[in-house]
Every structure is written in C-alpha cells, then in structure tokens.
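In what follows, a structure is listed as structure tokens, so that the remarks can point back to it.
Every number here is computed from the coordinates shown, using simple stated rules; none is lab data. Small disclaimer: the values here were computed from a predicted structure and weren't measured. Every residue, glycine among them, receives a Cβ derived from its backbone with ideal geometry; neighbour counts consider all protein chains shown.
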C-alpha cells in the first residue's frame, strides 16, 4: 500500500509534542436507506460501503491511521428525511453522502454556506461535473449524462444507425428519472431517433401494466430504463410477461441489480445495464473484507449479496471516499483532515490502473481522475448483460463523448447559478485545471 511520508512525519511530531490533540475519528455520515420502497437496492449498497470502511478500520486503523465513522442516518429515500439527516450530521461531518438526486438537489445550495463536500458517486445533478460552479459537489466516477451517452453509443454500435428508430425512456417520475433527458433529447435530434419518455409514478412502481401496455402499442426498438428500487423489479417482470425482447432492454447502473433479475431467472436473459463497477470475487479486497470483517462477524451481508453488482459498487464508493481522504492527508500533511481539506482531496483523485491494483480492486472500477474543473471524472463503464444467473461484461470499456454535451454542462451550470444567485464560484479554478 502507498506509504505517506508526510503522515509518517506528522505522526512522529504528534507523538512527541506535549499537549498535542489526539485525533479520534473522521466523521463521514451516510444518509442511508435500508427501509422503504427502495430498501432492496439500498441494503447491498450500504453493506458494501460499510464493510469496506470497517475493513480499513480493522486492517489499517482507518485511513492514514484515523478510524472512519460512517454512521448511517436512515432516510427511507425521503427527501424531507434526507434534509433532516443532513442538518443533524453536518456539525462535525467532513462529507455528506445524500444517496438521492432529490436530497442532493436540496442540499446542494447549502454546501456553499456549510462548506461540506457532497459525495454522490454516479448520481445527483449531472452539471456538478463543472467544478468551478459546483465547488463542493462531486459525482465521480461517472454521471447520468455519461450513462445516457454510453448507452446510445452501445446501441449505435449494435445497429450502425439509429435514424428512424424509436427509443422509450422508461423512468421514475422523480428528479433522478428525468436527469438524463437533456442529453437523450440532444442525441435524438443529432442521430435521428424518436425519444418517447414514459414516466412511472412512485405509486405505480409495482404495477406498471399501463406503461407496458403503452410500450406494447408503441413497439419501440429499445427501452432504456432509469428505474430504482421496486420499479426495476416491476419493469423487468412486466417485460417478461409481455414478451418484450430482453436483448433490447437496457438500464442505467442503478437498474442492474442481481436480485431484480433473479426474480425472472433465465427469462431475463439478455437484459443489460451500463455500469462503472463490476464484482470480482477474486479481487484481493474481497479476501481482506472476509478476513477482517465477515469472519469477525461484523458484516450485515451474506455470500449471495456479496457476489452481486450492488455490494461491490458499495465497496468502490467507499474506496473513492477513502482515496479523497488519502489525497487530502498527503497534501496537507495531517491525518485529521477537515471538510475543506477533503474537498481538495476529492478534486485530486487519480485512480490509475496501478492504484486500483494497489487497493486490491482489480477489475472492479475503470480508471478515472478528478480535477478542480472536473468533479465527475467520466470513468466510462462496461455494458453488463444478465446471462440467466448473473451479470457478465459484454463490452470493452465504453467512454462517454463528453465534448458532445460540454456546452450543455456549461449552460445548465450557469442557469443553476443564476437562478440561485448570489452563487459563489471557484474563481481560482480554470477550465483546464
């Protein structure tokens, strides 16, 4: 593992300095949702996150020798409860993990006042990529607009030409579900396909007969799903029932949960999901988690869950947080970093293939890096396919064409800043930095 010479020196100084404050913990609260209609997807993600940090605490004494306290505050995925959790935990937090696009949007204006970074890996408001405007918000390693672009790229590679095709955007009627629409609409105009948005209300998640009747009538070439929780299981079950060609059904990374597909088993074969994470049971990190967490009776997970996409994604998410902490500790020469220092760390993550291997995450996340200007990293992802029993990779690494929506990012970021004026910008951050 990477040795931190600045921290080693800091530790020696701290050890011999009379009256020096002893760091107790790094408080990184998680606005979890183990209850409510999205619990089935929240639980494996939270378990993966918790187990990775528990492993670091047990194996390394935390990050930089300081234990991480990832206390969970239960939101049930409710925006109102999420804001309450944020207010409850912000006093000593070095980061907030909102776990909902709705909660993220509510907390986003508070970050400039409270100066606590938001870490929203793979979710939230896509223009958060613009670090100059959203200096306290991070959605690395990949955002929703990246996902929309990569899915369309994949379909184009499969068909050659999408002109004249009809694509349904089946989505949760929630800020999350509507998030990819600007890019999908732009791609539809540029590539000549018809985009048909079909919303699913929160009360319709488990009974989507009306939506799938419309899909059957419209006879689309593809269905792209931006679903979550019970919506995904409901949609997959309806697709099988109506005999929709599962080869032409593709979900965003939050619609690629093993348990949802196991409900239909072999009948779901061919269903796909874009993903910036992948489970690798042979990765060294899995052995360390087993040794330090599972075998010690400290995990809430189970072997079946631990083999799935979402548990491993939770591991990757906590690894991203730990890398931000490590970068900040290295740079500032102290283990007990504050929220402002973590913001710098999250802007300076460099997950190279070498670093991914050092962390024992081989094959579990694509390389990416963040910067002052780019808070997303745009790692790209793999297209995963359900083979009737598990998800397997069916593509090489896909990378988003960020140039295609760079102007959209800039426009939407500027629009947000104007509508929330006065909105402080990071004037020290140039577009190239």
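Assorted remarks:
- Residue 59-residue 338 FRET efficiency (beta carbon distance; Förster radius 30 Å; 0.05 resolution): 0.75
- Principal-axis tilt of helix 406-419 within the chain, Cα atoms, nearest 10 degrees: 70 degrees
- Centre separation in Å (Cα based) which lies between the stretch 267-333 and the stretch 335-395: 11 Å
- Peptides 167-174, 96-103, ordered by how many other C-beta atoms sit within 10 Å of their residues on average, highest first, read 96-103, 167-174.
- Using the Cβ-Cβ distance between residue 185 and residue 84 with R0 set to 35 Å, the FRET efficiency works out to roughly 0.50.
- Peptides ranked, highest mean first, by Cβ atoms within 10 Å: ranges 357-368, 375-386, 39-50: 375-386, 39-50, 357-368
- Anisotropy class of the stretch 177-299 from Cα gyration tensor, a/c 1.5 cut: prolate
- Sum of -39500 (n - 2.57) over DSSP H runs of 4+, divided by residues of the chain (222 nm, nearest 500): -12500 deg cm²/dmol
- Column: log10 I(q)/I(0), Debye, Cα scatterers of the chain, q = 0.08, 0.14 Å⁻¹: -0.42, -1.33
- Protection proxy ranking, peptides 323-333, 391-401, 225-235, average beta carbon neighbours within 10 Å, highest first: 225-235, 323-333, 391-401
- Relative to the longest principal axis of the Cα atoms of the chain, the long axis of helix 309-332 makes an angle of roughly 40 degrees.
- With Cα atoms, 0 to 90° folded angle of helix 209-218 axis to the chain main axis: 60 degrees
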